[in-house]
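The values are calculated or read from the model by the stated rules, or taken from the named source; none is laboratory data. These figures come from a predicted structure and were not determined experimentally. No Cβ is skipped: glycine too gets one built from the backbone with ideal geometry, and neighbour counts run over all protein chains shown. The protein model used for the area step is the full one, side chains on, heavy atoms only, and it has no ligands, DNA or RNA in it. Shrake-Rupley method; radii C 1.70, N 1.55, O 1.52, S 1.80 Å.
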Amino acid sequence: MFLVVALQFLLALTYLVVPLAGHRYGAAAQKAADAEIHRQGHSPAVLAKHGLDFTASTASVTVSVAIAAGLATLAVLNLFGQPMLTWILQPILLIAGGFVTTSQVFVVRYVEAALRKSGTPDIDAKSLIEAAKVAFPGWFHPLVLARFLLTTAGSLVILLLLAVS
């Protein structure tokens, strides 16, 4: 049960730190993305049109903090031998959180697809994302990747460990 609790606490930590870092560094990333899109000969309004916003909204931070609190609560309940809520909520996180975190890990592909569908395929999505990434600290992208792995593979491990315990 210790591994289940540890994985849930680690996952909760990622759901807390990633949006807070997005809130802290997002405005600088947005400014860098706006400059890059302008350098490519487009108005920064193109980013807004496609929903490309590198800032963390209050709503997204609130949702992530709620998820972190929920995961910490599940970990405490598991620590005391009460896994019922984990059986209900961890699969939901695996599916819903998996979709969200996948789009954050593979952001260039998602942005390229969105731009292609919208008729603006001449925008260099990779350069755009790279420009924004520079505004974030070096540990941010590995943490986003860790959150994706913990949300998907970690959730599966949690469920498997509960099944065999």
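Sorting the segments 135-145, 101-111 by their residues' average number of neighbouring beta-carbon atoms within 10 angstrom, most packed first, yields 101-111, 135-145. The residues of region 69-153 present an accessible area of 56 Å² per residue when probed at 1.4 Å with all protein chains retained.
Beyond 19 Å, the tail of the calculated P(r) for region 77-165 holds 54 percent of the Cα pairs. How many angstrom lie between the C-alpha centres of region 27-48 and region 92-111? Region 27-48 and region 92-111 have Cα centres spaced 23 Å from each other.
Of all the options Pro44, Pro121, Pro83, the one that moves most in a Gaussian network model of the chain with Cα springs shorter than 10 angstrom is Pro121. Estimated translational diffusion coefficient (Stokes-Einstein, Kirkwood radius over Cα pairs, 20 °C, 1.002 mPa s) of the chain: 126 µm² per second.
Here is what passes the span test in the chain: the DSSP H helices with alpha carbon length of 18 Å or more along the helix axis and a Kyte-Doolittle mean of -1.0 or above are 2-39, 58-79.
Across region 7-165, the mean sequence separation of Cα contacts (distance under 8 Å, 6 or more residues apart), normalised by length, yields a relative contact order of 39 percent.
Restricting the calculation to Cα atoms, region 13-67 yields a radius of gyration followed by a Dmax of 12.9, 40 Å. In the chain, the calculated helix contribution to ellipticity at 222 nm averages -24000 deg cm²/dmol per residue, counting -39,500 (n - 2.57) for every DSSP H run with n ≥ 4.
The alpha-carbon positions of region 1-99 define a convex hull whose volume is 102 Å³ per residue. Here the gap between Ile95 and Phe2, fully extended at 0.36 nm per residue and compared with their Cα-Cα distance, gives a gain of 31.1 nm. With the whole protein complex present, Ile95 retains an accessible surface near 110 Å², based on a 1.4 Å probe. Counting 0.36 nm for each residue step from Ala66 to Ala28 and taking away their Cα separation leaves a gain of 11.2 nm.
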